[in-house]
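Pasting a structure here, questions to come.
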């Protein structure tokens, strides 16, 4: 795999596709954390949100690169 996705002739970088997918995954995770009231245990919730996003992007990038 060369690191690009072909979307009807438009080449998109793999990291961009992972970032867009990670936004949806992060939104799902943060909604679960809010529903279970885990944010009240955290010192800085936006920092945790940023960390969750970076973890999601990294995880998706590793999973896609192994395919």
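I need the full set of residues from the stretch 44-58 which are assigned to a helix (DSSP H, G or I) and either modelled with pLDDT under 95 or over 12 Å from residue 18 (Cβ atoms) (or both), in order please.
Within the stretch 44-58, 45, 46, 47, 48, 49, 50, 51, 52 qualify.
Is there any pair linking a residue in the stretch 27-38 that is closer than 15 Å to residue 51 by Cα to one that is surrounded by 12 or more Cβ atoms within 10 Å (Cβ to Cβ), with Cβ under 7 Å and at least six apart or on different chains, and which?
Partner pairs satisfying both residue conditions: 29/52; 30/49; 30/52; 33/39.
Sticking with this one: Of all residues in the stretch 55-67, which are without any contact (Cβ under 8 Å) to a residue 40 or more places away in the chain and within 12 Å of residue 25 (Cβ to Cβ)?
Of everything in the stretch 55-67, those that are without any contact (Cβ under 8 Å) to a residue 40 or more places away in the chain and within 12 Å of residue 25 (Cβ to Cβ) turn out to be 55, 56, 58, 59, 63.
The values are calculated or read from the model by the stated rules, or taken from the named source; none is laboratory data. Keep in mind that what you see is a predicted model, and the values were worked out from it rather than measured. So basically every Cβ, Gly included, is an ideal-geometry build from the backbone, and we count neighbours across all protein chains shown.
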